[in-house]
Each structure stands twice: as C-alpha cells, then as structure tokens.
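The values are calculated or read from the model by the stated rules, or taken from the named source; none is laboratory data. Source: prediction; values computed, not measured. Because the Cβ atoms are built from the backbone with ideal geometry, glycine has one as well, and the counts that use them run over all protein chains shown. All accessible areas refer to the heavy atoms of the entire protein, side chains included, with ligands and DNA or RNA removed. Shrake-Rupley method; radii C 1.70, N 1.55, O 1.52, S 1.80 Å.
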Amino acid sequence: MTLEEFYEELNDVDASHGTRLKYAKMVLNDMDLFPKLIEILFRVDDKVSTRAAWVFEFVCKEYIYAIIPYLDTFTSNLKKVHFDSAVRPVAKVCSLIAQEYDSKNPNTLKKVLKPFHKEQLIEVCFHWMISDQKIAAKAHAMDTLYLLGKDYAWVHPQLTQILEQDFPTQSPGYKVRAKRILKKVKKG
C-alpha cells in the first residue's frame, strides 16, 4: 500500500475502540505500514495526523518494540504534535516507552534508548505538564517523568514542584495521579 493509499485508509478511522484496533491490526500484520503511519502522525497540521496517532498508540500498546527503528524520528518530532486528540495517544506511547525502559526484565528498548532520546522525552513531558493540556496527556507525562527521572537527579524535584504548585487548581483525576506520583518520589 502506498503512503497516499494508507493516508486515505486512515480517513476512515474514528474514535471508537474497534476502529482503532482494526487499523492497528492492519499495521501489525504489515509492518511496512508503520513508517508510513509515523510519517502521517507527524503531519501535525493535518487532522488525519490525529487518526494516525490513535492507531499508533494501539500498535505500540500491542508491540512497543515496533518503535525501536524510529526512536530518533519519534523523539525529535514529539514537540511538534499539538492537536489535543493527538497529544494524548502520543503521551501514552511515551509512557509505554518509559515503562518498558524501567522494566526489571532485560529488553531491547533498554539497550537502544539513548540519553538523547530520554532527554527529548523528558523535555516534551515537562512541556505538557506546564502547558494547557488535558488531564490524560498530563497523567501520561507524569508517569514518564517519574520513570525516566530515576536516571536524572533533577527531574523528580522539578516534577514535584510542578505537581505541588498545580495541585489546588487541577481536576480530581489529576490530583489522584499527582498524589500517587508524589508518594513514589518521596519513597525514592
């Protein structure tokens, strides 16, 4: 399938779980579509990029290792994503990367996630924390910052400051997640 044909296919993706899953399976069954999905995802001023982000999240939830050959592209383009409905799934993928990296089990992602990848993830997650993002994106950013912050002494104090500062004005969902993250940070 050409890039243009795949782009047209993504026009049919809607917000339903079933549709996202259907297109994620299409990509998982033909991994030649994955770089095309990423290319469309980072056409950030095009509304179809949001649909690509939804599918991208589902592919990565199923098989996070698909992202490995594209870590440079993914991490260097993250900050360009700006549609709310695209930021949330992309933030979720950041969280999935951080979870796999933090896993107690040896894995390929631990070997290939370089300091510059982690630094780019940290930078964009802090941006999401301090900008006007929806709670879901901030929640995934908190998780990512907590996990990757284990390798960077300055991250947890900064994260703690933001969480404590924003706590009184945020939603109940934000507060629940913030309390959990603050508790983990204090435990060390």
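Between Ile130, Ile40, Ile64, the residue with the greatest mean-square fluctuation in the GNM of the chain (Cα pairs under 10 Å linked by springs) is Ile130. Rounded to whole numbers, the Karplus 3J(HN,Hα) couplings from phi for the range 167-174 are 3, x, 9, 9, 6, x, x, 4 Hz, using 6.51 cos²θ - 1.76 cosθ + 1.60 with θ = phi - 60°, and x at Gly and Pro. Exposed loop sites here are trypsin sites (Lys or Arg not before Pro) assigned a DSSP state other than H, G, I, E or B and surrounded by at most 13 other beta carbons within 10 Å; excluding them, the longest clear run of the chain is 105-188.
Extension gain, Glu119-His82: 0.36 nm per intervening residue step, less the Cα-Cα distance, totals 11.4 nm.
Estimated from helices alone, the mean residue ellipticity of the chain at 222 nm is -22000 deg cm²/dmol (sum of -39500 (n - 2.57) over DSSP H runs with n ≥ 4, per residue).
Compared with the dominant principal axis of the Cα atoms in the chain, helix 115-130 is inclined by about 80°. If the segment from Asp30 to Lys175 were pulled out straight at 0.36 nm per residue, it would be longer than the present Cα-Cα gap by 48.1 nm. Measuring nothing but protein heavy atoms, the accessible surface of the chain at 1.4 Å probe radius is 52 percent carbon and sulfur. Average accessible surface for the chain: 50 Å² per residue, computed with a 1.4 Å probe over protein heavy atoms with every protein chain in place. Derived scalar couplings between HN and Hα for the range 86-97 equal 9, 4, 4, x, 5, 5, 4, 5, 4, 5, 4, 4 Hz in order, rounded to whole Hz, by the Karplus curve 6.51 cos²θ - 1.76 cosθ + 1.60 (θ = phi - 60°), x for Gly and Pro. With the charge dipole of the range 118-187 set up from +1 on Lys and Arg Cβ and -1 on Asp and Glu Cβ about the Cα centre, the Cα lying farthest toward the positive end among the listed residues His140, Leu182, His127 is that of Leu182. Ranking Val90, Ala53, Phe42 by Cα position along the charge dipole of the chain, where only Lys, Arg, Asp and Glu carry charges on their C-beta atoms, puts Val90 farthest toward the positive end. What the Cα atoms of the range 1-79 give is an Rg and a Dmax of 11.3, 30 Å. Comparing Phe126, Phe167, Phe34 in a Gaussian network model of the chain (Cα springs below 10 Å), the most mobile by mean-square fluctuation is Phe167. For the range 149-161, the Karplus equation 6.51 cos²θ - 1.76 cosθ + 1.60, evaluated at θ = phi - 60°, returns couplings of x, 5, 9, 10, 4, 7, 6, 4, x, 5, 4, 4, 4 Hz by residue, with Gly and Pro reported as x.
For the range 76-188, the Cβ-based charge dipole about the Cα centre amounts to some 420 debye (Lys, Arg positive; Asp, Glu negative; other atoms uncharged).
Taking a ≥ b ≥ c as the square roots of the Cα gyration tensor eigenvalues, the range 35-188 comes out oblate, since a/c reaches at least 1.5 and a/b does not exceed b/c.
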